[in-house]
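Here's the structure we're looking at; comments come further down.
The values are calculated or read from the model by the stated rules, or taken from the named source; none is laboratory data. This is a predicted model, so every value here is computed, not measured. As a convention, Cβ positions derive from the backbone with ideal geometry for all residues, glycine included, and neighbour counts pool all protein chains shown. Please note that ligands, DNA and RNA were not included when accessible areas were found on the heavy atoms of the full protein model with its side chains. Shrake-Rupley method; radii C 1.70, N 1.55, O 1.52, S 1.80 Å.
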Amino acid sequence: MNFESGYQGLKSSADPQRWSAQKEVLTDEKLVIEGHPVMERWETPYMGAFAALVTRHGGRILECGFGLGISAHAIQSYAPEEHVIIEANDDVFKRLIDFQNSAVNKVTPILGLACDVLESFSDQSFDGIFYDTYPLNADEQHTHQFPFIKKVYPLLKKGGILSYCNLTSTGVLKNRYDSWEALFNETQVPYLLEAGVPEKDIKGIIIFKVSPPTDCLYFQHKTAMIPIIVKE
């Protein structure tokens, strides 16, 4: 399947390990790394909806990508038994440690690229999984979530819920589709099936209202999708 890039500045290929050493530029409204807006504060209600979904059964939650800590704070509000957070950038990880130290519920921070650290976990060890990391290069812009899902799906308990966010991709792709359902069915479902997610576990999407500012570079739509995957 051919994808248009459409997003400024992503390198076509690069050593993924470089990401860890890139310095963050942090303001009240956004996190910028390597010149790219990785996360912005307008995403707060949207991240809250993801948190509500993946914590539906409580228990042990895996989150990949800390960013501004928006989804992490939301997940904590649902009192998980343990909240495992993987973050690849050194500067962001320092803030994750601060978050761990102030969190009411148990937080386990792990430094590294998401796909590289999954082997340390046992099968069926998480009740909920949320993936929201930034593409490391243009080649991965639309698909970086799927190799992760292939590796992480065995770690999800039966009845567990997985969701993911890739606004850098869907912000571009939505321009080609009249509906989020059409976008999901054509650009996400085939890759989820290829990643080993059974068709019966793919439950569709939630459409959520969002309000990105006019200067947001990666997303300019009034709604965004929340994929729902439940392991039967």
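The residues listed here are P190, P212; of these, the one that is in contact (Cβ under 8 Å) with a residue 12 or more places away in the chain, open to solvent by less than 50 Å² (accessible area, probe 1.4 Å) and either closer than 24 Å to P154 by Cα or within 18 Å of the chain's Cα centre (by Cα) (or both) is P212. Within the stretch 31-56, the residues that satisfy the criterion of being touching a residue at least 12 places away in the same chain (Cβ under 8 Å) and part of a strand (DSSP E or B) are L31, I33, H36, P37, V38, M39, E40.
So which strands (runs of 3 or more DSSP E) are wholly in the stretch 91-167 and hold at least 1 residues that are buried (at least 16 other Cβ atoms within 10 Å of the Cβ), in contact with a Cys (Cβ under 9 Å, 6 or more places away or on another chain) and among the polar types (S, T, N, Q)?
Because the criterion is at least 1 residues that are buried (at least 16 other Cβ atoms within 10 Å of the Cβ), in contact with a Cys (Cβ under 9 Å, 6 or more places away or on another chain) and among the polar types (S, T, N, Q), no strands (runs of 3 or more DSSP E) in the stretch 91-167 meet it.
Among the residues of the stretch 178-191, the one identified as part of a helix (DSSP H, G or I) and among the small types (G, A, S) is A182.
Scanning the stretch 58-84 for residues that are over 12 Å from the mean Cα position of the chain (by Cα) and open to solvent by 10 Å² or more (accessible area, probe 1.4 Å) returns G58, G59, R60, L68, H73, A74, Q76, S77, Y78, A79, E81, E82. Against the definition (open to solvent by 80 Å² or more (accessible area, probe 1.4 Å), out of contact with any His (no Cβ under 9 Å at 6 or more places or on another chain), outside any strand (DSSP E or B) and not charged (D, E, K, R)), how does N175 come out, yes or no? In short, no. Only one entry of V230, V210, V117, V197 meets the criterion of being aliphatic (A, V, I, L, M) and either at pLDDT below 95 or at positive phi (or both), and that entry is V117.
Per the listing K222, K203, the residue uniquely open to solvent by 50 Å² or more (accessible area, probe 1.4 Å), among the charged types (D, E, K, R) and touching a Lys or Arg at 6+ places or on another chain (Cβ under 9 Å) is K222.
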